[in-house]
Amino acid sequence: MRRLTLVALIGVGAASCSPPVRTCVSSAECAIGQTCLGGQCRGSTGSVGGGLGGAGAGPAGGGSGAGVGGGAGGGAGGGSAGGSTVVTGCDPTAVDNGARDTDCDGLTDLEEYATDYGSGAKSDPCNSDSDMDGLPDGLEMGKTTTVNPRCGMSFLQDADAASKTNPTLADTDGDGLKDGEEDVNQDGRRDGTEPNPLRVDTDCDGYSDKQELRDMTAGCATNPTLRDTDGDGLSDGIEGKLQPPGADPRGCGYQAAATFDAEPATGTNPCGADSDGDGIQDGAEDTNSNGRVDMGELNPNDGADGMGPAQQACATANLRPVQFHTSALPDVQLALVPAFMEVSKVTLGNDERGIVFYNPTTKVSGFAFSKTMGVGASASTEEATGRGVLQGIGAVGTPLTQTFTSWDGFGGVRASYDVSASRDAKDFANELARRFVGMAASGLLSGSAGVSGPFKVQALYQRRTATRAVVVVAAIPTSLFTGAALFEVDDVGGGTALAQAGDLTATQCEAFAATGNAKVDFLWVVDDSCSMASSQDAVRSAGQLFGNKLAAAGLDWRAAGVTTGYYPEATFGGPPIYDGSTREWTTMASTMSSWFDRSNMSVWFGTSGSGTERGFPAARAFIDRQGPQQRGPFRSDANVNLIFLSDTGDQSSTTAQQFTSFLQTTFAGRQVIAHGIACPAGLDCGDGSRESTPPTYGTVVQLTGGGLGSIQEFNVANPNAMQRARQETVIDAILSAAIGSTGRQLNRPPISATIKVAIATGGTTGACNVNDVPRSRQNGWDIDAATRRIVFYGTCRPNVGVRVAVSYRYWIDNSPDANGDPCGAICVAPFVCDPNTKTCVCSPNCGNTCGMGLVCRQASCTCEPDIQ
């Protein structure tokens with residue numbers, strides 16, 4: 001039967017406009033003198049078939065000499081260099097032209113006679129390639145079928161009917177390249193490695209496609225489909241000293257700072273990533289990517305300045321390694337250190353849903369996925385939903401949360417939990433996948449980790465649109481939550497590792513001179529009502545941690561206090577009464593701890609304060625220096641941190657938004673962050689009333705990006721060791737956020753797992769591996785992802801003026817659709833989106849659509865008879 005089918009196809013081809021054409025994947029499958037174009041073997045002259053025509057100069061032939069494919073010869077059979085099939089038999093007066101396709105290009109003769117492409121230009125029904133650009137007229141117009149059943153395989157179906165070019169204009173976009181030159185495989189679809197015949201400047205780097213492909217205008221043969229040919233982080237236009245207006249300002253809408261060289265007198269090599277040979281990529285040295293050597297930057301044309309700490313931290317060979325894992329349909333990409341040796345794509349049925357991962361060394365595991373159904377109104381809503389999913393696996397402690405905005409502009413929430421599940425570490429990640437996407441999920445981790453929970457969990461919730469949210473969860477057994485594992489969990493679950501599937505990365509190198517200690521002023525706003533004794537005790541117990549951590553960071557800090565009853569309350573006909581107290585600024589951790597110590601009645605905040613707690617007015621009274629106990633002002637050059645400690649919400653008429661606005665106005669130009677150990681929304685935390693939804697103090701914390709813990713963790717009369725540890729975790733997180741806001745802010749949001757730090761030899765306060773400074777909150781460095789500030793601790797703090805270099809990779813937003821499709825939702829089955837090239841490609845085996853006796857031809861993504 002298969003041989004009979006083949007004979008039948010040959011019979012059809014013999015009766016068509018031209019002889020049958022052999023299908024191919026590469027030119028090696030074609031006869032001598034032919035090449036593989038559009039999935040078919042074509043003559044080197046460009047002919048699809050037909051006999052040799054005689055000499056002639058017909059109006060559509062466009063030339064004289066031996067016409068290839070001219071059928072009867074003469075007339076319309078002029079020479080063709082573009083792959084045309086020239087035939088005879090066309091008749092503009094024929095009544096059945098609507099049913100004719102004489103040249104087998106997919107356009108009916110009626111369409112070719114009647115369609116005006118501008119200024120009277122029409123295609124020729126007897127020439128399949130009227131403009132001689134190498135593409136059949138019908139393919140240029142998106143034709144996928146022909147009305148002529150005798151055309152057989154000489155008809156070329158358009159692989160992308162939505163994309164059209166002008167069949168009467170050889171160079172539709174006017175960039176100097178014929179349409180057939182840009183559509184290299186001549187299939188009508190723009191593949192990721194092909195220039196766009198509809199765009200003068202396909203990659204929008206400022207150069208036209210012809211300038212890159214032929215003219216080497218940038219100084220070398222750059223790639224017209226890659227904005228950054230050498231992948232060094234600088235666009236070809238900037239490296240080639242390009243100046244406005246660029247080749248296509250209307251089509252590309254160039255952003256001058258990202259396209260044109262700010263210093264055209266000097267340029268770098270757009271075809272080589274390291275122009276000066278110092279081992280550091282050009283884009284890493286030009287940290288703001290503008291083509292000019294600005295203050296604080298390395299010179300990509302001067303190899304001498306890439307020595308010392310810069311060489312240790314920033315040379316390509318010395319960079320911190322990272323691997324990128326992409327799941328296309330969920331539109332998720334994760335940057336993971338190579339130690340995550342087990343990474344798998346999770347599927348549900350035929351749909352790819354996310355990524356599950358595991359590090360066998362640290363035992364960190366996790367899951368990343370996106371949801372398109374039931375997306376919450378905010379990232380905080382998503383956090384509440386995700387917490388409910390976790391509670392289906394094990395009991396979940398009250399979360400510690402922090403709001404933030406992701407590097408690509410999406411609202412997010414970070415949350416840390418204690419989960420009491422006793423599962424194996426691998427099985428915990430697998431159960432996350434099943435609970436989030438469906439119990440029938442497959443592609444999960446195999447085997448056992450050999451270590452079980454309970455777990456420390458870090459989760460990220462990112463809301464992209466009303467129909468797309470992303471969740472990343474990283475977990476580690478609590479018994480192993482020390483050292484590097486702490487940072488690894490945060491790197492994965494903290495948000496810096498996450499991007500969309502089509503996003504790119506580049507390397508950054510920042511070299512600078514270390515500055516002196518930063519200043520931080522803390523104001524405690526403490527509920528002094530009768531239900532707060534145990535909570536104040538918990539803070540006193542954590543006071544030593546407070547002092548030690550701030551000392552390790554080398555901060556110039558001080559703290560003051562005010563109770564929630566310290567606000568003007570007027571009596572009937574009498575003066576205002578301040579039913580509360582304040583505490584003067586101190587730089588001593590022991591003094592600050594004494595405010596929470598009931599054994600020291602003279603300075604204790606106490607529990608006999610007003611039953612009407614108004615933290616917002618109290619904090620404002622302290623800041624504005626009102627009332628009978630006025631204290632010194634905040635330092636004008638210090639970062640401002642408020643810490644609310646209360647088991648009920650603010651009970652004044654001031655809203656969270658109004659108080660936040662007051663803080664931002666009063667301390668304009670400075671970092672101002674509010675933190676909270678407060679009652680979660682809707683709960684009664686001990687004073688007999690329920691906190692509002694949304695919560696008062698919690699909302700201010702969210703609006704300013706601080707750390708938020710639950711007072712329920714502190715409102716325990718006799719806490720055990722585990723509860724004490726949890727209380728310290730909350731204090732530690734608040735301090736980390738406060739300290740993080742004081743460090744040096746990096747120029748771009750870093751992928752935190754890729755950060756590497758080096759310091760000049762002998763330049764630290766004590767012993768330290770200066771060539772690769774460790775990540776440590778005791779003796780090393782740490783990063784605050786919310787503010788992208790890097791902070792140094794202990795013996796690894798650099799002395800003032802000492803040279804420091806920091807390298808890292810950062811994400812480049814390369815996804816046009818926040819809702820999950822890097823191709824912009826243009827791919828139609830069996831084509832799928834390739835997130836790396838942002839183009840539609842044939843899905844494996846044509847999407848499993850080929851029936852019995854048929855095989856998938858990947859080149860054309862069509863099912864054809866199996867004649868092997």
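The values are calculated or read from the model by the stated rules, or taken from the named source; none is laboratory data. This structure is a prediction, so every number in the text was calculated from the model and none was measured. Here the Cβ positions follow ideal geometry from the backbone for every residue, glycine too, while neighbour counts run over all protein chains shown. Side chains included, ligands, DNA and RNA excluded: accessible areas come from the protein's heavy atoms. Shrake-Rupley method; radii C 1.70, N 1.55, O 1.52, S 1.80 Å.
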Against the condition in contact (Cβ under 8 Å) with a residue 24 or more places away in the chain and on the phi > 0 side of the Ramachandran plot, how does Gly794 come out, does it pass?
yes
State whether the residues of segment 297-320 include one that is closer than 30 Å to Lys456 by Cβ and in a loop (DSSP other than H, G, I, E, B).
yes
Might you check whether a residue that is surrounded by fewer than 19 Cβ atoms within 10 Å (Cβ to Cβ), within 20 Å of Ser741 (Cα to Cα) and touching a residue at least 24 places away in the same chain (Cβ under 8 Å) occurs anywhere in segment 569-587?
yes
Just to be sure, is Leu523 under 29 Å from Asn715 (Cα atoms), open to solvent by 10 Å² or more (accessible area, probe 1.4 Å) and either in contact (Cβ under 8 Å) with a residue 40 or more places away in the chain or in a helix (DSSP H, G or I) (or both)?
no
Answer residue from segment 235-280, given it is under 22 Å from the mean Cα position of the chain (by Cα) and not hydrophobic (A, V, I, L, M, F, W, C) and is farthest from Ser807 (Cα to Cα) among those:
Tyr254
Per-region count, segment 592-621, residues over 42 Å from the mean Cα position of the chain (by Cα), surrounded by 16 or more Cβ atoms within 10 Å (Cβ to Cβ) and more than 18 Å from Ser535 (Cα to Cα):
1
Could you list, in sequence order, the residues of segment 427-443 that are buried (at least 23 other Cβ atoms within 10 Å of the Cβ) and of a type in the set (A, V, I, L, M)?
Ala429, Leu432, Ala433, Ala441
Could you list, in sequence order, all residues of segment 363-391 that are among the hydroxyl-bearing types (Ser, Thr, Tyr), within 16 Å of Gly438 (Cβ to Cβ) and open to solvent by less than 30 Å² (accessible area, probe 1.4 Å)?
Ser370
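Would you confirm whether any residue within segment 179-187 is modelled with pLDDT under 90 and either surrounded by fewer than 24 Cβ atoms within 10 Å (Cβ to Cβ) or touching a strand residue (DSSP E or B) at 6+ places or on another chain (Cβ under 6 Å) (or both)?
no
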I'm trying to understand the selection: among the residues of segment 214-252, which are in a loop (DSSP other than H, G, I, E, B) and without any contact (Cβ under 8 Å) to a residue 40 or more places away in the chain?
Met216, Thr217, Asn223, Pro224, Thr225, Leu226, Arg227, Gly240, Leu242, Gln243, Pro244, Pro245
How many residues of segment 529-551 are of a type outside the set (Ser, Thr, Tyr), within 21 Å of Ala589 (Cβ to Cβ) and open to solvent by 20 Å² or more (accessible area, probe 1.4 Å)? The answer is 6
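Of everything in segment 449-478 that's small (Gly, Ala, Ser) and either touching a residue at least 40 places away in the same chain (Cβ under 8 Å) or touching a Pro at 6+ places or on another chain (Cβ under 8 Å) (or both), which residue is surrounded by the most Cβ atoms within 10 Å (Cβ to Cβ)?
Restricting attention to segment 449-478, the residues satisfying the condition of being small (Gly, Ala, Ser) are 449-450, 452-453, 459, 466, 469, 474-475.
Now drop any that are not either touching a residue at least 40 places away in the same chain (Cβ under 8 Å) or touching a Pro at 6+ places or on another chain (Cβ under 8 Å) (or both), which leaves 449, 452-453, 459, 466, 469, 474-475.
Working: Ala449: 21, Ser452: 17, Gly453: 23, Ala459: 28, Ala466: 10, Ala469: 26, Ala474: 27, Ala475: 31.
Here the residue is Ala475.
So if I check each of Ala121, Ala57, which one is among the aliphatic types (A, V, I, L, M) and either modelled with pLDDT under 85 or in a strand (DSSP E or B) (or both)?
Numbers: Ala121 fails: either modelled with pLDDT under 85 or in a strand (DSSP E or B) (or both).
Answer to the check: Ala57.
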Checking Gln712, Gln723, Gln745, Gln664 in turn, the sole residue that is in contact with a Pro (Cβ under 8 Å, 6 or more places away or on another chain), surrounded by fewer than 23 Cβ atoms within 10 Å (Cβ to Cβ) and polar (S, T, N, Q) turns out to be Gln712
I'd like to check something: does segment 340-362 contain any residue that is surrounded by 23 or more Cβ atoms within 10 Å (Cβ to Cβ), under 30 Å from Ile731 (Cβ atoms), touching a residue at least 24 places away in the same chain (Cβ under 8 Å) and not small (Gly, Ala, Ser)?
yes
In segment 191-209, how many residues are touching a residue at least 24 places away in the same chain (Cβ under 8 Å) and surrounded by 23 or more Cβ atoms within 10 Å (Cβ to Cβ)?
10
Out of the residues in segment 667-687 that are in contact (Cβ under 8 Å) with a residue 24 or more places away in the chain and open to solvent by 30 Å² or more (accessible area, probe 1.4 Å), state the one that is nearest to Gln651 (Cα to Cα).
Asp687
Looking only at segment 134-155, count every residue that is closer than 11 Å to Thr168 by Cβ and open to solvent by 10 Å² or more (accessible area, probe 1.4 Å) and tell me the total.
1
Would you tally the residues in segment 292-307 being within 16 Å of Val802 (Cβ to Cβ) and surrounded by 16 or more Cβ atoms within 10 Å (Cβ to Cβ)?
0
Any idea which of Asp179, Asp248, Asp209 is farther than 30 Å from Thr145 by Cβ and touching a Ser or Thr at 6+ places or on another chain (Cβ under 6 Å)?
Asp209
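Looking at Ala758, Ala753, which one is assigned to a strand (DSSP E or B), at pLDDT 90 or above and more than 23 Å from Ile623 (Cβ to Cβ)?
The unique qualifying residue is Ala758.
Does Thr795 qualify as being of a type in the set (Val, Ile, Thr) and within 24 Å of the chain's Cα centre (by Cα)?
Numbers: of a type in the set (Val, Ile, Thr): yes; within 24 Å of the chain's Cα centre (by Cα): no.
Criteria not met by Thr795.
Of everything in segment 315-332, what is in contact with a Gly (Cβ under 7 Å, 6 or more places away or on another chain) and either within 17 Å of Thr287 (Cβ to Cβ) or open to solvent by 10 Å² or more (accessible area, probe 1.4 Å) (or both)? Give them in sequence order.
Ala315, Thr316, Ala317
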Asp331 - would you say it is charged (D, E, K, R), touching a residue at least 24 places away in the same chain (Cβ under 8 Å) and under 29 Å from Arg803 (Cα atoms)?
no
Mind checking which residues of segment 479-520 are on the phi > 0 side of the Ramachandran plot and either open to solvent by less than 20 Å² (accessible area, probe 1.4 Å) or of a type in the set (Phe, Trp, Tyr) (or both)?
Gly495
What is the residue count in segment 748-778 for residues that are of a type outside the set (Ser, Thr, Tyr), under 24 Å from Leu545 (Cβ atoms), buried (at least 18 other Cβ atoms within 10 Å of the Cβ) and touching a residue at least 60 places away in the same chain (Cβ under 8 Å)?
2
From Ser420, Ser406, Ser446, which residue is more than 17 Å from Lys371 (Cα to Cα) and open to solvent by less than 30 Å² (accessible area, probe 1.4 Å)?
Ser406
For the condition modelled with pLDDT under 95, over 22 Å from the mean Cα position of the chain (by Cα) and not in a loop (DSSP other than H, G, I, E, B), what is the one hit in Cys846, Cys850, Cys840?
Cys846
